[in-house]
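Data first, discussion second: the structure below is written as structure tokens.
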Amino acid sequence: KKYLAGTSLCIIYFAAAIICAKLHVNYGQLPFNRNISMSSDIYQLLTQAFSNGQASLMVSPPEKLLNLTNPYDPSLRDFDYLFDSSFYNGKYYCYFGITPVITLMLPIKLLTGVYISSSFACFLYILLMLFAGLFLYYNIVMKWFPDTGFMPFLAGAIALVFGSGFFWLIARPMFYELAETCAITYLFLGFAFAVLCSRENAYKSLTLFASGLSFALMVASRPTFVFYIAASIPLILPQIIKKAGKLDLKRMVCFLTPLAVFAIILMVYNYVRFGSPFDFGQKYQLTVSDIRLNKPTNLAILPTGIYHYFFAPLDIDMTFPFFHVVQRTPDVSSGYYFNFPCAGLFNYPIMLILFASVYIIKRMGKERRCLKHFTALLIIIALIITYLDITLAGVLERYMLDITPVFMIASLILWFETLTYFERKGAKRPTQRLFFVICVATAVISTLATCLGENDVQAALNPVHFQRLSSLIEFWR
């Protein structure tokens, strides 16, 4: 059974990797470059800065930008500048997380002398992210649902890999997508090692260290994800507190040390750049709006944001890829609210079970108390991050990747709990068939809806290939 499960996961992984490779090839950016004097790749510029021992980018801002009274007002920037950078005290900075640089791009630069592009780094990291997701999924099933049949196990893996919107990250792999992919990778690894530690494991201290290190790299990539660490508490705490109520100091230190070290590094890094240990530089962005106007207290945009994040429908027609994430203007008065393609979370059938999450979680038995609390925290924290994204950023499909993978994990747990319940009631076969159909439908819809990327970039970059693919699939043409 384990051999069959492992083989199926490998097949799913390589199928997804092939799709990612094809989408990445279509993007067309060179993977390596020795000269980045003309580059606008923020992560390449940050790699250059780090290799020269400085925090600010080695690009001089134009005189016009230095003389603006409000450089963050996009209507005043009618000249060339480094877009999507942070501008503070006359210098450019990168406000994206440093993890892709310190774990991949800088080591390659120091070892080979070449700069790796953000797009190729994103491709490498998405391969690791797919592995991390399946690693987490396998451990969850083996820990709490070891009697799961092969078909439900296979269906859940298909839904996770193909139904979470991951191809949106590789269809247009720029520096934002790299930061997001990196954060999701270490989110999965952090939870996976935490679950693995709660299983029969002789190396608990080492596993706890790996979990803490993964969470630290996650936060260093996307600071908002720091809230997700709280979801690991039900998994980590039983491994640190002994039966007699005493703390296992060795295990606690193993988990907390990498978190503390990276917290200090990030605070020093922020202080050097922006004069505050807790300022990551997002409010100094040179982007399409003045981000400083965004406030978490702006509750007026919540109804519209909730609609677009959860309920905005896909457009469905007979033109490939059939399910289209389309642009709709949010009905809000704020000028900074983004207007980009977005489709709600509940276009994907497997996540509809989240509406019944309270009922299902309440029914979980005492033997699954850790799972019960873990699932509840996943959902609650994902909702908190949704609120922060809506009020501080706006509506973007790529922002939904902050919550989609977490909701997918929670949905799979809820479904497996439901399958277990109906198996005890003697309705095993019909519910498993329903689950398989729902997983496949989710995978198909999500893959088709996200394979083109933001603003249909795949069709724009390689129209000949896109037309060939369209004519092949639209066999009736």
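The values are calculated or read from the model by the stated rules, or taken from the named source; none is laboratory data. Keep in mind it's a predicted model, so treat the numbers as computed, not measured. Don't worry about glycine lacking a Cβ; one is built from the backbone with ideal geometry, like all the others, and counts go over all protein chains shown. In case anyone asks, the SASA skips ligands and DNA or RNA and just uses the protein heavy atoms, side chains included. Shrake-Rupley method; radii C 1.70, N 1.55, O 1.52, S 1.80 Å.
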Residue in segment 373-397 that is surrounded by the fewest Cβ atoms within 10 Å (Cβ to Cβ), counting only those that are touching an Asp or Glu at 6+ places or on another chain (Cβ under 9 Å) and more than 18 Å from T297 (Cα to Cα):
L396
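Quick check: anything in segment 82-89 under 30 Å from L461 (Cα atoms), of a type outside the set (S, T, N, Q) and open to solvent by 50 Å² or more (accessible area, probe 1.4 Å)?
Checked segment 82-89: at least one residue is under 30 Å from L461 (Cα atoms), of a type outside the set (S, T, N, Q) and open to solvent by 50 Å² or more (accessible area, probe 1.4 Å).
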Top-ranked residue in segment 64-74 [being open to solvent by 30 Å² or more (accessible area, probe 1.4 Å) and within 15 Å of R292 (Cα to Cα); ranked as farthest from the chain's Cα centre (by Cα)]:
T69
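Looking at F407, F422 in this structure, which one is more than 30 Å from V325 (Cβ to Cβ) and either of a type in the set (F, W, Y) or crowded, with 23+ Cβ neighbours inside 10 Å (or both)?
The conditions single out F422.
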Return the pair list, or none, for Cβ contacts closer than 8 Å from residues in segment 56-83 that are over 20 Å from G275 (Cα atoms) to residues that are acidic (D, E), at least 6 apart or on different chains.
P62/D80; D73/D290; P74/D290
Residue pairs within 6 Å by beta carbon, gap of at least six or interchain, first lying in segment 35-50 and in a helix (DSSP H, G or I), second open to solvent by 30 Å² or more (accessible area, probe 1.4 Å) and basic (K, R), listed first then second, are T47/K109
K428: closer than 27 Å to V226 by Cβ, open to solvent by 40 Å² or more (accessible area, probe 1.4 Å) and not polar (S, T, N, Q), yes or no?
no
Consider G165 carefully, then state whether it is more than 28 Å from V457 (Cβ to Cβ) and either open to solvent by less than 30 Å² (accessible area, probe 1.4 Å) or not in a helix (DSSP H, G or I) (or both).
no
